[in-house]
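Notes to accompany the following structure.
The values are calculated or read from the model by the stated rules, or taken from the named source; none is laboratory data. Being a predicted model, the structure only gives us computed values, none of them experimental. Note that each Cβ is placed from the backbone with ideal geometry, even for glycine, and that neighbours are counted across all protein chains shown. Surface areas here come from the heavy atoms of the whole protein model, side chains and all, with no ligands, DNA or RNA. Shrake-Rupley method; radii C 1.70, N 1.55, O 1.52, S 1.80 Å.
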Amino acid sequence: MKTAPLARTEMLPYGKQAIDEDDIQAVVDVLRSDYITQGPAIDSFERRVADYVGARYAIAFCNGTAALHAACYAAGVGQGDEVITTPITFLASSNCALYMGARPVFVDIKLDTYNIDPDRLAHAITSRTKAIIPVDFTGQPVEIDRIAELARERGLVVIQDAAHSLGSSYCHRKVGALADMTMFSFHPVKHVTSGEGGVIVTDNEHYYKRLQLFRSHGMTRDTTLMQKNDGPWYYEMIDLGYNFRMTDMQAALGASQMKKLDGFVRRRREIAARYSEAFSDVEGLIVPYQHPNAQSSWHLYILRWDEKYFNDGRNRAFQALRDRLIGVHVHYIPIYKQPYYRSLGYSYVDCPNAEEYYQTALTLPLFPSMTDQDVRDVINNVKEVAVILKND
Ligand SMILES: *Cc1c(COP(=O)(O)O)cnc(C)c1O
């Protein structure tokens, strides 16, 4: 195999959507139809996601963040409650608790899976804890059996943030059928996209009804929920909700993309396997560990640069690879370090594993439409940079 890297002419991004003519046609069909919002495309999209993961209900939102917000509402999270999550995640995983007046509690990650540590989680539960929001970071499912057991014992609701893990399984059961509620995001960097979009799946009818209420202003026409009924035109607002609805154009795109999910996941797994094969014997590079119960759909591929081998390795590798037009990234800055969270009093938070992870982690490009040449380019450049940095 040739090792000379081809000079790239443009930045290879870390993630990118794959839209084809069928997707475009699906959106155009909606635009020519009677409904562009609150129409039949929403129902078919929701049905498709529910069926794919094996859940009873799916409910679509304008984005994943709104979906998490609604799930906190449905779970009854409120003022003074605590919600446990991981610091190594996107801001939305904990912001959703703040929206409800609750307090996020950050529990450190494990340094093998980079997911929340169930042992530490057990110690963080207090009488105020209402919900747990575990995040399937990079697509690798959390140890949901242990987390669900803790939740059952302590009467907590589990809202699985599966923004990274559509198509993943735990013990060969699809993510989406494992927690009280599960959130999927359809942002363009995620596995499949609707432009912007989010879905909550659940088997629980009570949560389903609360999610519907929250999505649309807290309005209902369900006579069993109304105080009175003035006639067929009548509705009541029984709680404070929002307009968190998805459009039918988005739903049609999402439904069309869902048909390609398994193919996308197959390609992601193939690329991740090539990366791990290429880097696992390079001294100082730490390839992702996969828990034996987890079958990841690989949203992100994280390569860690061991500080014992590379002085300031991650930071220098980031710059060197960007200079070579390899669009590496860092996911994520521990949330409690953000100025807003510090202003809320989170400066005391100490998650040593999250800190060590954050200093050493680098996200490599990974998306289904990467060519084999793109993959070789990443591998060759990473290996060269590793040699240069080690000799320094
Ligand atoms: C993308 C993402 C979200 C939020 O989804 P949006 O659709 O962008 O609002 C939440 N949690 C995680 C871990 C994510 O990666």
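Accessible area per residue for the chain is 44 Å², calculated with a 1.4 Å probe on protein heavy atoms, without ligands, DNA or RNA. In terms of its C-alpha gyration tensor, segment 53-123 has an oblate overall shape, because the principal axis ratio a/c (a ≥ b ≥ c, square roots of the eigenvalues) is not below 1.5 and a/b does not outweigh b/c.
Loop-located GluC sites (Glu not before Pro) in segment 7-105 (DSSP state not H, G, I, E or B) with no more than 12 neighbouring Cβ atoms inside 10 Å: Glu10. In a DSSP loop and with at most 13 other Cβ atoms within 10 Å, the chymotrypsin sites (Phe, Trp or Tyr not before Pro) in segment 19-94 are Tyr35.
May I ask you to order 132-139, 268-275 by the average number of other C-beta atoms within 10 Å around their residues, highest value first? Before the final figure, lay out the partial values.
Numbers: 132-139: 28.5, 268-275: 18.2.
Packing proxy ranking, top to bottom: 132-139, 268-275.
Between Asp239 and Leu31, the simple spin-label model (points 7 angstrom out along Cα→Cβ) gives 3.7 nm. Amide H to amide H, with H built 1.01 Å from N, Ala163 comes under 5 Å of Asp136, Ser185, counting only residues 5 or more places away or on other chains.
Would you work out if the chain is rounded, prolate or oblate? Take a ≥ b ≥ c from the square roots of the eigenvalues of the alpha-carbon gyration tensor; rounded if a/c is under 1.5, else prolate when a/b is larger than b/c, oblate otherwise. Here the chain falls in the oblate category.
Scan segment 294-392 for GluC sites (Glu not before Pro) in coil per DSSP, keeping those whose Cβ has at most 12 other Cβ atoms within 10 Å, and list them by number.
Values: sites: Glu307, Glu355, Glu356, Glu384; in loops: Glu307.
Listed in order of number, the matching sites amount to none.
Note on the chain: antiparallel DSSP beta bridges, both residues inside, total approximately 65 percent of the bridges counted. Normalised by the number of residues in segment 1-106, the average gap of Cα pairs under 8 Å and 6 or more apart makes the relative contact order 17 percent. If R0 equals 25 Å, the separation of the Cβ atoms of Arg152 and Leu111 corresponds to a calculated FRET efficiency of about 0.35. The accessible surface of segment 261-391, taken with every protein chain in place and a 1.4 Å probe, is 49 percent carbon and sulfur.
Each Cα pair under 8 Å and six or more residues apart adds its sequence gap; the mean of these over the residue count of the chain is a relative contact order of 23 percent. For the chain, modelled as a GNM with alpha-carbon contacts under 10 angstrom, which of Gln25, Gln227, Gln319 fluctuates the most? Looking only at Gln25, Gln227, Gln319, the largest GNM fluctuation is found for Gln227.
The Cα center of segment 46-90 and the Cα center of segment 279-295 differ in position by 30 Å.
Nothing charged except the Cβ atoms of Lys and Arg (+1) and of Asp and Glu (-1): what's the magnitude of the dipole of segment 21-258 about its Cα centre? Round to the nearest 20 debye.
420 debye
Only DSSP H runs of four or more residues enter the estimate; each adds -39500 (n - 2.57), and after division by the residues of the chain the mean residue ellipticity at 222 nm equals -11500 deg cm²/dmol.
One Cα centroid belongs to segment 151-219, the other to segment 323-392; the line between them spans 27 Å. Going by a ≥ b ≥ c, the root eigenvalues of the Cα gyration tensor, does segment 238-392 fall in the rounded group (a/c under 1.5), the prolate group (a/b larger than b/c) or the oblate group? Oblate, since a/c reaches 1.5 and b/c is not below a/b.
Using a probe of 1.4 angstrom, how much of the accessible area of segment 21-258 is carbon and sulfur, in percent? Mind showing how you got there, number by number?
Numbers: 4670 of 9560 Å².
It is 49 percent, rounded to a whole number.
Between Leu344 and Tyr309, take the C-beta separation as r, use R0 = 35 Å, and let me know the FRET efficiency to the nearest 0.05.
Numbers: r = 37 Å, r/R0 = 1.06.
Given R0 = 35 Å and the Cβ-Cβ separation, E is 0.40.
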